[in-house]
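Right, one structure below, let's go through it.
The values are calculated or read from the model by the stated rules, or taken from the named source; none is laboratory data. None of these values were measured; they are calculated from a predicted model. For accessibility, only protein heavy atoms count, side chains too; no ligands or nucleic acids. Shrake-Rupley method; radii C 1.70, N 1.55, O 1.52, S 1.80 Å.
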Amino acid sequence: MKEVENKVILPLDGVDYRQACRLIDELHNEIGIFKVGFEMISRGYAGQICEYANSIGKSVFWDGKFHDIPATVAKASGIIANLPGVRMFNFHCLGGESMIAEAVKAAQEASAIRKERVMVLGVTILTSMTYANARRVGLFQQYEEFVYLNFPSDRESTEEDTLHAELVLERIEELVADLALMAKDSGADGVICSPQEIRVVRQTCGDDFVIVTPAVRPAGADHNDQARVMTPTQAIQLGANYLVIGRPILQPGSGTPLDAAKRINDEIAQALTA
Ligand code: C5P
């Protein structure tokens with residue numbers, strides 16, 4: 001089976017097909033996996049990018065985040081898992097166990113046919129979800145009960161409200177760990193989660209579970225719109241298997257994308273031997 005040693009996943013964001021191919025040519029020695037997301041899929045050339053990457057021996061993460069009824073996810077997963085070059089694809093854990101099981105089955109069947117491992121990963125809770133968003137979709141009710149039981153003081157005051165909100169937010173780690181475990185129990189290979197959640201997912205799901213994390217920034221790099229970031233060293237030391245790193249490579253502060261990718265790989269190599 002073809003194994004990917006390099007831990008960096010490069011999202012092909014904000015580029016057209018030709019630019020994507022140029023990036024794959026330029027960076028293929030420094031990048032383990034190239035990621036196509038909704039943008040490329042919606043533009044209609046994600047499949048061609050997979051073919052191109054595959055033609056030069058590179059792999060693709062199909063970041064299509066399936067979330068639908070099991071029968072539909074089964075069909076879509078079967079198509080994506082068999083595309084040349086696709087090494088990973090994903091689903092939203094909130095789609096539930098039966099849906100996850102269909103994605104897993106498709107990945108396993110494709111792995112057997114292709115004689116290389118096709119991984120299927122869960123998105124736990126989108127890191128863009130705010131407390132207010134999460135509450136509106138009912139995600140924290142069980143944790144709010146916990147907080148009310150343990151901190152039943154005057155909830156009218158602003159300070160109490162703030163404390164309450166912070167405590168509930170802390171419970172997100174438990175929710176992420178629960179969802180990751182559900183994905184694991186349903187046969188998934190791993191999850192995509194925030195760097196802040198690597199530790200709890202590793203503890204809950206064990207050493208063989210694959211953890212992919214975005215929001216990684218080398219020291220001194222622009223954070224862009226990522227709120228809570230970690231350095232590659234921190235993420236690797238906490239137990240991440242793959243790091244999704246886009247703008248620090250695509251728009252480096254100095255030098256070329258290739259220079260930036262090399263610097264990041266040097267940092268990762270050091271973290272792995274430390
Ligand atoms: O440029 P940057 O390194 O921030 O890119 C991160 C990539 O990871 C983007 O493609 C983004 O869509 C994706 N991503 C993320 N945060 C998540 C899930 C995916 O940044 N929670």
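Data overview
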| quantity | calculated |
| --- | --- |
| Volume of the Cα convex hull of the chain, divided per residue and given in Å³ | 142 |
| P(r), alpha carbons of the range 201-274 - 10 Å bins starting at zero, rounded % | 19, 50, 25, 5, 0 |
| Value at 222 nm in deg cm²/dmol, rounded to 500, when DSSP H runs of n ≥ 4 in the chain each add -39,500 (n - 2.57) | -15000 deg cm²/dmol |
| Rounded to whole Hz, the Karplus (6.51, -1.76, 1.60) HN-Hα couplings of the range 205-215, x for glycine and proline | 10, x, 6, 8, 6, 7, 10, 10, 10, x, 6 |
| Area of D13 that stays accessible when all protein chains are in place (1.4 Å probe, Å², to 10) | 80 |
| Note, ³J(HN,Hα) from phi for the range 183-196, Karplus 6.51, -1.76, 1.60, rounded to Hz, x at Gly and Pro | 4, 5, 4, 8, x, 5, 7, x, 9, 10, 8, 5, x, 5 |
| K58, K184, reordered so the largest accessible area comes first (probe 1.4 Å) | K184, K58 |
| Size descriptor, Kirkwood hydrodynamic radius, that averages inverse alpha-carbon separations across the range 9-122, Å | 14.0 |
| With all protein chains modelled, accessible area of K105 [1.4 Å, Å²] | 110 |
| Relative contact order of the chain, defined on C-alpha pairs under 8 angstrom at six or more residues apart (%) | 16 |
| Greater than 22 Å apart at Cα, pairs in K58/K184; K7/K262; K65/K105; K65/K184; K65/K115 | K58/K184; K65/K115 |
| Accessible area of the range 24-70 divided out per residue, in Å², using a probe of 1.4 angstrom | 43 |
| Carbon/sulfur fraction of accessible area - the chain, other protein chains in place, 1.4 Å, % | 49 |
